[in-house]
1. For N8 and L341, compute 0.36 nm times the residue count separating them, minus their Cα-Cα distance, and round to one decimal in nm.
2. So for the chain, taking the charge dipole from beta-carbon charges (+1 Lys/Arg, -1 Asp/Glu), which of V231, V143, I322 sits furthest toward the positive end?
3. Could you list the residues of the range 268-312 with an amide nitrogen less than 16 Å from a label point located 7 Å from the Cα of K325 in the Cα-to-C-beta direction?
4. Tell me the carbon and sulfur percent of the accessible area for the chain, rounded to whole percent, probe radius 1.4 Å.
5. Expected output is a single nm value to one decimal: the length gained when fully extending between Q110 and T221, i.e. 0.36 nm times separation in residues minus the C-alpha distance. What is it?
6. Let's test the formula: R0 of 35 Å, r as the Cβ-Cβ distance of S39 and E95. What FRET efficiency results, to the nearest 0.05?
7. Viscosity 1.002 mPa s, temperature 20 °C: what is the translational diffusion coefficient of the chain from Stokes-Einstein with a Kirkwood Rh over Cα pairs, rounded to a whole number of µm²/s?
8. Starting from the eigenvalues of the Cα gyration tensor, five times each then square-rooted, give me the equivalent ellipsoid semi-axes of the range 35-115, largest first, whole Å.
Amino acid sequence: MGKVVFENVGKTYDNGFNAVKDINIEMFDKKFTVIVGPSGCGKTTTLRMIAGLEEVTAGKIYIDDKVVNNISPKDRNIAMVFQNYALYPHMTVYENMAFGLKLRKYPKQQIVDRVKSAAEILGITYLLDKKPKTLSGGQRQRVAVGRAIVRKPNVFLFDEPLSNLDAKLRVQMRTEIQKLHNKLKTTMIYVTHDQMEAMTMGDQIVIMNDGEIVQVADPITMYNNPKNKFVADFIGSPSMNFMNGRIIKKGTDLFFVNDGGVQLQLFKHHMDKLESYIDKEIIFGFRPEHVDDKIFVPDAKVNTIMKATVDVIEPMGSEIYIYFKTKSNSFIGKLNPKVQLKLGDIVEIVIDMEMVHFFDKETEETIV
Ligand code: ATP
């Protein structure tokens, strides 16, 4: 078992700073939960409270239905992997991995068996006699994970474990940690500021901002149904585009319009929710993949089109990012690399109005 539950949990540091505010959440047994959010939002504090490395100053944390607030870290059956690996430099890889078990006075043969088995799982048997300073970043990271595995904990905690690795290795290790989770079937709780890691690894994403949980959902729900503008902006790369404007009614139809001459007709499924916003200010959001050159959408309806100027072109190989400017806005499109656009071109851009989002101007909560 390895279910972690937060009940009205808060953390106020000794200097009075309230880093985590009244959090309620269930991190499911055997699932992979990713806690994501911008720097300083309280992710690490949250993880360290689960580990027992940080005192809980309000509420209760349960592990498998038992309150652990006053249980010491070593008695929580949890293993944590840190960003800086935290390996002992004077010990070999074997000794690093065996250290925690020795401290807990495991029988010698059991230590040998567990270290060997973890090393095999991680493909690091050939490193067992080496010292950490002779290893690459990726190898050190595997050893740090190995040291956690040998403990056979009920819960693994990862604090930005890949942030010291180069981009390619980060992607590779991301996959390896996912495979490890599939193999071990143990609860994993993983902190990152990288939305891509959150999207690709998590069964469940917990997005935090300013010490609070903003939304808890699986990756696809988080992407398609963000709770507010903050989540819509944070999840997805490049980020969602936003435009300020208002809703107007013409006959029976609703339109999003703004001072830059944008006039886009709303789809039926958006109209019901937006009736009460007629003639009011609103924030319109659309993802870069829902932007296209009219050349590729010859039958696009006139009220799904914006005129825009090509400002910056970023070829990515399999796709191309184009930064467009209108009279009053700029936005990014993720287009087919076959597109034949040049800097300064004035083009007709089609927005997939079925997929767009609207946010309340005051609260920034999602309307639809
Ligand atoms: P990052 O991604 O930058 O590591 P984070 O989301 O993990 O950020 P935390 O490390 O949990 O954020 O810190 C949350 C807030 O609490 C920050 O504003 C930080 O400055 C503050 N904080 C952290 N540790 C302490 C401390 N010991 N005393 C006072 N404030 C602290």
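The values are calculated or read from the model by the stated rules, or taken from the named source; none is laboratory data. In this text, all values refer to a predicted model and were calculated from it rather than measured experimentally. Counting neighbours? That spans all protein chains shown, and the Cβs are built from the backbone with ideal geometry, glycine included. Heavy atoms of the whole protein, side chains included, go into the accessibility calculation; ligands, DNA and RNA do not. Shrake-Rupley method; radii C 1.70, N 1.55, O 1.52, S 1.80 Å.
1. Details: separation 333, 0.36 × 333 = 119.88 nm, distance 5.31 nm.
Full extension from N8 to L341 adds 114.6 nm.
2. Value computed over the given set: V143.
3. 307-312
4. Details: 8830 of 17810 Å².
On the chain, the fraction of accessible area on carbon and sulfur atoms equals 50 percent.
5. Working: separation 111, 0.36 × 111 = 39.96 nm, distance 4.35 nm.
Taking Q110 through T221 to full extension adds about 35.6 nm, to one decimal.
6. Values: r = 35 Å, r/R0 = 0.99.
It comes to 0.50.
7. Working: Rh = 23.2 Å.
The diffusion coefficient I find is 92 µm²/s.
8. Working: eigenvalues 161, 66, 18 Å².
The three semi-axes for the range 35-115 are 28, 18, 9 Å.
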